[in-house]
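As structure tokens, the structure follows; a few thoughts come after it.
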């Protein structure tokens, strides 16, 4: 994007909207472009020095007015505090230059400011004067949409973060780190701003008195703060491993095969980065837990995208901006897993929302589909759904997800494994339980319902001040009506759809379908 900014400036685009929270770093980049432009043009027009362009950069803020950038004792230009007056001052300038306006989004909806900007765009034609609106918030009025170019200023890459880390290490005399530790510290800081990285490296040193591989966790904690500040994404920490899930061997095998899919070794081998997977299935059968435990299996952070927080009716365009910011945050800390639970509820009305919400859901749905199709960042989308008929067809076509898995009710062998896992979590010795009998009598139960049956049996025994037994579990199972019986039609319809359109998560079913084929 820095190269794109340089090209737009050289092409004399009169109005550029630069979205970034890093004012100082963006100013330095713009000043460098101005300096290079001036030097290049001066060399090309050595016989006419007056043609050297972009040698001056000015910065406007509502607190100081228009000030020339880079001056040791800058003095504000007279009467340029108000945005209209500052824009008028730019129009009156005869020399070319770059004029940065900070946080103009607070004023850009005002009719006077919009008119002043449109006048300035018209007056800037052929004058080599360029206005750059710099703000952490993207807010472009419809009157300016045809005249402005919007750019996202990128976060620091590995080379820039390396400079930050080197400066921190230079302050600590005699401290040296290996290349491997340096790479881990740099990768841990990806997604942070330059200032955030500098602060967290200082914090890691103050806390531990050193910067080593063990301090990577301190750097990663700053990423968790970044997610919390975002407000739409949630950083999930899962202690369970994928082995804590009973059954689903085909799905587990698929995930284990791709545990190193985001490494450089995979790129060198010629493998593309995985895009994502959709897990359909009966409620309570472990879809969400699979997504969470994949984070530990792959060694990647997992972020939950809460679509309920995306929608914001307080301001036109706010919901779309929330989604853009959330996806940008996920990309900034990639490689990562983006988890969307119950996708069928999140986008159920996405294709026909013009009457209900002015088309907001449709625009968000379209933006998300486009991002999924065109993203190049290593963000793996894991989505779960219970009601396939509520999902727009666009989600299910090839290219959106690498694979669509169907998680059915557990088989007898899987139910036995589920009982073993949940009983083993609560008692060291489970030899007194007949797992085969429990698996047989719990036919039609989901994994979540099996766990709740065990918990209910424990409560019953606890109230009587005794240890729970096989009979307690059997009693609670017989007293429970599972979802597969209360919602038989829904489960049957989902199974019928998935039989020929999705890949079974259970190894026994997958093997049967392969033999049948």
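The values are calculated or read from the model by the stated rules, or taken from the named source; none is laboratory data. Owing to the predicted nature of the structure, the values given are computational and were not obtained by experimental measurement. Note: ideal-geometry Cβ built from the backbone for every residue, glycine included; neighbour counts use all protein chains shown.
For the stretch 240-265: of the residues being more than 30 Å from residue 419 (Cα to Cα) and modelled with pLDDT under 85, which is nearest to the chain's Cα centre (by Cα)? Walk me through it before giving the result.
Kept after step one, since they are more than 30 Å from residue 419 (Cα to Cα), are these residues of the stretch 240-265: 260-265.
Restricting the remaining residues to those that are modelled with pLDDT under 85 gives 262-265.
Working: 262: 16, 263: 19, 264: 21, 265: 24 Å.
My answer is 262.
Can you work out which of the residues in the stretch 45-68 that are modelled with pLDDT of 90 or more and under 16 Å from residue 130 (Cα atoms) is surrounded by the fewest Cβ atoms within 10 Å (Cβ to Cβ)?
Here the residue is 68.
Determine, yes or no, whether residue 113 is touching a residue at least 24 places away in the same chain (Cβ under 8 Å), under 31 Å from the mean Cα position of the chain (by Cα) and within 30 Å of residue 325 (Cβ to Cβ). It would help to see each step written out before you state the result.
Working: touching a residue at least 24 places away in the same chain (Cβ under 8 Å): yes; under 31 Å from the mean Cα position of the chain (by Cα): no; within 30 Å of residue 325 (Cβ to Cβ): yes.
No, not satisfied.
Hey, residue 137 hits all of (1) closer than 30 Å to residue 121 by Cβ; (2) modelled with pLDDT of 85 or more but one; which does it fall short on?
(2)
Give me the pairs: first residue in the stretch 261-279 and closer than 17 Å to residue 302 by Cα, second residue part of a helix (DSSP H, G or I), beta-carbon distance under 6 Å, and six or more apart or on different chains, which are they?
279/287
Please tell me if residue 423 is under 26 Å from residue 241 (Cβ atoms), free of Cβ contacts under 8 Å to residues at least 40 places away in the same chain, in a helix (DSSP H, G or I) and not assigned by TED's automatic domain parsing to the domain that holds residue 290. Step through it out loud before you land on a result.
Values: under 26 Å from residue 241 (Cβ atoms): yes; free of Cβ contacts under 8 Å to residues at least 40 places away in the same chain: yes; in a helix (DSSP H, G or I): yes; not assigned by TED's automatic domain parsing to the domain that holds residue 290: yes.
Considered against the rule, which asks whether it is under 26 Å from residue 241 (Cβ atoms), free of Cβ contacts under 8 Å to residues at least 40 places away in the same chain, in a helix (DSSP H, G or I) and not assigned by TED's automatic domain parsing to the domain that holds residue 290, residue 423 comes out as yes.
For the stretch 183-197, enumerate the residues that are crowded, with 19+ Cβ neighbours inside 10 Å and assigned to a helix (DSSP H, G or I).
Those that are crowded, with 19+ Cβ neighbours inside 10 Å and assigned to a helix (DSSP H, G or I): 185, 186, 188, 189, 196, 197.
Out of (1) under 37 Å from the mean Cα position of the chain (by Cα); (2) modelled with pLDDT under 80; (3) surrounded by fewer than 14 Cβ atoms within 10 Å (Cβ to Cβ), what's the single condition that is false for residue 24?
(2)
So, in the stretch 9-21, how many residues would count as being surrounded by fewer than 18 Cβ atoms within 10 Å (Cβ to Cβ) and either in contact with a strand residue (DSSP E or B) (Cβ under 7 Å, 6 or more places away or on another chain) or modelled with pLDDT under 70 (or both)?
From the stretch 9-21, those surrounded by fewer than 18 Cβ atoms within 10 Å (Cβ to Cβ) are 10-12, 21; that's our starting set.
From what is left, the residues that are either in contact with a strand residue (DSSP E or B) (Cβ under 7 Å, 6 or more places away or on another chain) or modelled with pLDDT under 70 (or both) are 12.
The number of residues fulfilling the criteria is 1.
In the stretch 199-217, is there at least one residue being part of a helix (DSSP H, G or I), modelled with pLDDT of 85 or more and either within 21 Å of residue 378 (Cα to Cα) or in the same structural domain as residue 100 (by TED's automatic domain parsing) (or both)?
No, the conditions are met nowhere in the stretch 199-217.
Of the conditions (1) assigned by TED's automatic domain parsing to the domain that holds residue 422; (2) farther than 19 Å from residue 417 by Cα, residue 452 satisfies every one except a single condition; which number is it?
With (1) assigned by TED's automatic domain parsing to the domain that holds residue 422; (2) farther than 19 Å from residue 417 by Cα applied to residue 452, the lone miss is (2).
Being surrounded by fewer than 21 Cβ atoms within 10 Å (Cβ to Cβ) and part of a loop (DSSP other than H, G, I, E, B) is the filter here, so list the residues in the stretch 90-107 that pass it.
Correct list: 93, 94, 95, 103, 107.
Which count do you get for residues in the stretch 370-407 that are over 20 Å from the mean Cα position of the chain (by Cα) and either assigned to a helix (DSSP H, G or I) or within 18 Å of residue 306 (Cβ to Cβ) (or both)? Lay out the reasoning, then the answer.
Residues of the stretch 370-407 over 20 Å from the mean Cα position of the chain (by Cα): 386-394, 396-398, 403-407.
Next, only the ones that are either assigned to a helix (DSSP H, G or I) or within 18 Å of residue 306 (Cβ to Cβ) (or both) stay: 386, 388-390, 393-394.
Matching residues across the stretch 370-407 total 6.
Just checking, does the stretch 152-167 include any residue being in contact with a helix residue (DSSP H, G or I) (Cβ under 6 Å, 6 or more places away or on another chain), modelled with pLDDT under 80 and assigned to a loop (DSSP other than H, G, I, E, B)?
The answer is no; no qualifying residue exists.
Go through (1) assigned to a helix (DSSP H, G or I); (2) surrounded by fewer than 22 Cβ atoms within 10 Å (Cβ to Cβ); (3) out of contact with any helix residue (DSSP H, G or I) (no Cβ under 7 Å at 6 or more places or on another chain) for residue 436 and report which single condition fails.
Only one criterion in (1) assigned to a helix (DSSP H, G or I); (2) surrounded by fewer than 22 Cβ atoms within 10 Å (Cβ to Cβ); (3) out of contact with any helix residue (DSSP H, G or I) (no Cβ under 7 Å at 6 or more places or on another chain) is unmet by residue 436, namely (3).
Out of everything in the stretch 390-406 that is modelled with pLDDT under 90 and touching a helix residue (DSSP H, G or I) at 6+ places or on another chain (Cβ under 6 Å), what residue ends up being farthest from residue 346 (Cα to Cα)?
Restricting to residues being modelled with pLDDT under 90 and touching a helix residue (DSSP H, G or I) at 6+ places or on another chain (Cβ under 6 Å), the top hit is 400.
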